[in-house]
Amino acid sequence: MTRRDFLSLAAKAIAGTSLGFALGPFLAAAHCVVTRTSVTLRGLPREFDGFRIALLTDLHHSEWIPRSYLRQIVDRTNLQDVDLIALTGDLIHCGRPWIPGCVSELSRLQARRGVVSVLGNHDHADYAAAPLRHALRSAGIYDLTNDGIDLRRRGAEFRIGGVGDLWRDRQRPRKALSGAMSAESALLLSHNPDYAETLRDERVGLMLSGHTHGGQVIIPGIGAPHLPSRYGQKYREGLCQGPIVRVYVSRGSGSSFPPVRIACPPEIAIITLRSLPESRT
Ligand SMILES: [Fe+2]
């Protein structure tokens, strides 16, 4: 084999691999990995021990992430039989025309305690934030932008709040967390995980985020060549530790442009909250 033949073959292999990953989301949500993580919160009442949350983020409904793909993601999420579904933004990519189809699919999400959401930076493009929030509320999805809710179970309470996107909105954690009384007694939704670097509120036991997409392309030994974070690879994916608050960063279920994922499959994250062993007795 000549050098020219080898380079030609290598180029075709790379193109074929990239195309395969690029087309993956169009073909089936089977490419999407369901991950499972348990997190212990010191302030979680024992009544909420075992509370299961599905984290869906960064769907990026657009020309390259069709409604049929969202439908499969919703169906797979519903099979997980969780207590709560948390959406942490970038539900659409860029533009109001994508709102009706996206929200129509998300309205089919089923969880015992409902569906909550915050928006991401892409949801703000084309003045889409206000109509998207309105459509989500109309579909029965609770908008947690700088707001929160108290979940109750057998007399115990657990606070779930959210803040606006770090790049495109304001963050008002005081209102989001009002009602939480002790350390690690609340959950906070924030699209951008970098917000953990400025959040110094010990009441937050876990922050749920997306935004980084896991980098979408991972080079072994190096990591993600491109990551939209000021803190390098720190908040690339999975359970991360901020200065005060832990963050679970999902790789997201969709894809930004170009729609290519290499060694970084899309994700539906299932997170189980655990209380301290002594509080369970
Ligand atoms: Fe995103």
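The values are calculated or read from the model by the stated rules, or taken from the named source; none is laboratory data. Worth saying up front: this structure is predicted, and the values here are computed from it rather than measured. With ideal geometry, Cβ positions are generated from the backbone for all residues, glycine too; neighbour counts draw on all protein chains shown. With ligands, DNA and RNA removed, areas are computed over all heavy atoms of the protein, side chains included. Shrake-Rupley method; radii C 1.70, N 1.55, O 1.52, S 1.80 Å.
Yes or no: D165 in contact with a strand residue (DSSP E or B) (Cβ under 8 Å, 6 or more places away or on another chain), within 16 Å of the ligand (Cβ to nearest atom) and in a loop (DSSP other than H, G, I, E, B)? Yes, satisfied. Residues that are open to solvent by less than 10 Å² (accessible area, probe 1.4 Å) and either in contact with an Asp or Glu (Cβ under 6 Å, 6 or more places away or on another chain) or in a loop (DSSP other than H, G, I, E, B) (or both) within the stretch 93-116 comprise just one, G95. Residue pairs whose Cβ atoms lie under 7 Å apart, sitting 6 or more positions apart in sequence or on different chains, and linking a residue in the stretch 108-124 that is at negative phi to a partner that is surrounded by fewer than 18 Cβ atoms within 10 Å (Cβ to Cβ) and among the acidic types (D, E), are S117/D143.
Could you please find all residues in the stretch 165-187 being of a type outside the set (A, V, I, L, M, F, W, C) and within 26 Å of F48 (Cα to Cα)?
Start the filter on the stretch 165-187 by keeping residues that are of a type outside the set (A, V, I, L, M, F, W, C), which leaves 165, 168-175, 178-179, 182, 184-185.
Answer for the stretch 165-187, where residues must be of a type outside the set (A, V, I, L, M, F, W, C) and within 26 Å of F48 (Cα to Cα): R172, P173, R174, K175, S178, G179, S182, E184, S185.
When residues in the stretch 252-272 are screened for being closer than 15 Å to L189 by Cα and within 12 Å of the ligand (Cβ to nearest atom), 1 of them pass. Considering the stretch 197-253, and only residues there that are open to solvent by 30 Å² or more (accessible area, probe 1.4 Å) and of a type in the set (A, V, I, L, M), the residue that is nearest to V116 (Cα to Cα) turns out to be L239.
Here R236 meets the list (1) touching a residue at least 40 places away in the same chain (Cβ under 8 Å); (2) not in a strand (DSSP E or B) almost entirely, failing just condition (1).
Residues in the stretch 117-128 that are surrounded by fewer than 21 Cβ atoms within 10 Å (Cβ to Cβ) and within 17 Å of the chain's Cα centre (by Cα): N121, H124. Would you confirm, using the coordinates I've provided, whether P173 is touching a residue at least 12 places away in the same chain (Cβ under 8 Å), under 27 Å from D150 (Cα atoms) and away from the ligand (no atom under 16 Å from the Cβ)? It is true that P173 is touching a residue at least 12 places away in the same chain (Cβ under 8 Å), under 27 Å from D150 (Cα atoms) and away from the ligand (no atom under 16 Å from the Cβ).
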